[in-house]
Amino acid sequence: MGSSHNFTFPRIEGKSSRQAHADLPEGTFERELGREGFFGPATMMYHRNPPTGWTQWTGPLRPRAFDLTRLSEFGKTVWDAPVVVSNAFVRMRIFKIEEDMRYLARNGDGDELLFVHEGAGHLYCDYGHLEVTRGDYIVIPRSTMWRFEITSPMTLLLVESTNGSIKAPDRGMLGRHALYDEALFDTPKIDEAFADQQDAGWDVLIWRRNALSSVRYPFNPLDAVGWHGDLAPVRLNIKDIRPVSSHRYHLPPSAHTTWVGNRFVICTFVPRPFETDPAVLKVPFFHNNDDFDEVVFYHDGDFFSRDNIHPGMVTWHPCGFTHGPHPKALQAMYKPKNDFTKEYAVMLDTRDGLDSSPQSDGVEFADYAESWRTSGPVVPPSIPDA
Ligand SMILES: [Fe+2]
């Protein structure tokens, strides 16, 4: 088979800006139509009405939102944790740990990315002991044995890279220390707490190919006295992420990529200054990300482009339609109310379509698709004078 490339013919048709996300023609809303997660061919289109101004939705392809704070059943072990969304390459779940885990978990299917939404505790694993707290990401390599002892009840978001791994993103022109310095990664320690664990009678619950196996040891298999190498769990706190921003350009979510899996990425939204150029968009542009499903877990703060969303909720925008800011945010598209965003959120973008689960369906915010509705036409704000 011969090589190929995306054909390219940048054109300007009708009334248009020559710079994406800036200098929009008077009285218009911008929409980006993009392929390959905005790294492929893309067009900016200028509309008279917000592309989210629908008045009715029928059929399954609708924007969805789930209020995970309404879930009450999390199961006995981490392998019973409710699935929020999944496909063949990734599985997002939510789990609550209200007492110390008296078993070891081991995922034979892939690396697992844990995000501590609430609580704090101690991770014990093959590699040692690691204290964890709210806002921590922990990457657990495939087949690591692990458990938590809690200091306060923990709510964890879990993202399994099914049959794959979790890697750091390529920072490209930003340089290798942008977003976060990998020297910040904490790894487990073979310390006194690790040596003092209960020695007898541990079960290891191994998840592999959608089936659970249990292996009993008469001793504690977390008994390493040392190790060396470059494979181990790593921890990074959300507050150690240093977002990139531009005062003259609204960067796409891909600029906030924290982790890369197999056919998905995880981006993190943390507080950053709003753009200051008067003619530049201050809210996410309308877009169809035409090859990716987009899922956002809201961790903390004030979610500036969304109405009716609180921490612990998840939104899911399957690819195939246009989405964008809610009407209230749109009125501030050139003049934000604050100097900084105040949101902390974890975004999962998947190259393959996702499915929800009976558990997430059970806590769906049913009117989410209607939440862009307004009582009358939405008039695009004018670009303020410099
Ligand atoms: Fe999006």
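Observations, loosely collected:
- Model label sites at residue 72 and residue 203, defined 7 Å from Cα along the beta-carbon direction, differ in position by 2.6 nm.
- If you plug the beta carbon distance of residue 62 and residue 228 into 1/(1 + (r/R0)^6) with R0 = 56 Å, you get a FRET efficiency near 0.65.
- Accessible area per residue for the chain, computed on protein heavy atoms with a 1.4 Å probe, is 49 Å².
- Cα gyration tensor shape for the stretch 237-386, rounded if a/c is under 1.5, else prolate or oblate: oblate
- Rounded percent of accessible protein surface that carbon and sulfur make up, the stretch 252-373, 1.4 Å probe: 51
- Our coupling estimate for the stretch 308-317, obtained by passing each phi through the Karplus curve with A = 6.51, B = -1.76, C = 1.60 and θ = phi - 60°, is 6, 10, 10, x, x, 9, 10, 10, 9, 10 Hz, Gly and Pro reported as x.
- Intensity falloff of the stretch 75-238 expressed as log10 I(q)/I(0), Debye formula with alpha-carbon point scatterers, at q = 0.16, 0.19 Å⁻¹: -0.95, -1.35
- Cα pair count fraction exceeding 14 Å, expressed as % - the stretch 12-91: 77
- Our coupling estimate for the stretch 13-29, obtained by passing each phi through the Karplus curve with A = 6.51, B = -1.76, C = 1.60 and θ = phi - 60°, is 10, x, 7, 8, 8, 9, 10, 3, 6, 8, 6, 5, x, 3, x, 10, 10 Hz, Gly and Pro reported as x.
- Gain on full stretching of the segment that runs from residue 361 to residue 375 - 0.36 nm per residue minus C-alpha separation: 2.2 nm
- The chain - percent relative contact order, Cα under 8 Å, separation 6 or more: 22
- Straight-line cross-link partners of residue 96 among the lysines, defined as a Cα under 27 Å from its Cα and at least 8 positions apart when in the same chain: 76, 167, 189, 239, 342.
- Expressed as a fraction of 2.2 N^0.38 Å, the value expected for a compact globular protein of N residues, the C-alpha radius of gyration of the chain is 1.06.
- Length gained on full extension, residue 219 to residue 251: 6.3 nm, using 0.36 nm per residue less the C-alpha separation.
- For residue 261, distant residues with modelled amide H under 5 Å away: 167, 266
- The stretch 75-238 - percent of accessible surface contributed by carbon and sulfur, probe 1.4 Å: 49
- Residue-span extension gain [residue 335 to residue 49] - 0.36 nm each, minus C-alpha spacing: 101.0 nm
- Charge context of residue 27, other residues only, Cβ under 15 angstrom, K/R +1, D/E -1: 0
- Each peptide in 77-85, 205-213, 306-314, 104-112 receives the mean, over its residues, of other Cβ atoms within 10 Å, and ordering these scores from highest gives 104-112, 77-85, 306-314, 205-213.
- The charge dipole of the stretch 75-238, taken about its Cα centre with unit charges on the Cβ of Lys, Arg, Asp and Glu (plus for the first two, minus for the last two), comes to roughly 680 debye.
- Farthest positive-ward along the chain dipole, Cα basis, beta-carbon charges - from 90, 255, 331: 331
- Whole-Hz couplings from phi, Karplus 6.51/-1.76/1.60, listed for the stretch 181-195; x for Gly and Pro: 8, 5, 5, 6, 4, 8, 10, x, 10, 7, 10, 5, 4, 5, 5
- Built amide H within the under 5 Å cut-off of residue 246, gap 5+: 251
- When the helices of the chain are scored as -39500 (n - 2.57) per DSSP H run of n ≥ 4 and the total is divided over every residue, the value at 222 nm lands at -500 deg cm²/dmol.
The values are calculated or read from the model by the stated rules, or taken from the named source; none is laboratory data. Just so we're clear, the structure is a prediction, and the values are computed from it rather than from any experiment. Every residue, glycine as well, gets a Cβ built from its backbone with ideal geometry; the counts of neighbours run over all protein chains shown. To get the accessible areas, we keep the full protein, side chains included, count just its heavy atoms, and leave off ligands, DNA and RNA. Shrake-Rupley method; radii C 1.70, N 1.55, O 1.52, S 1.80 Å.
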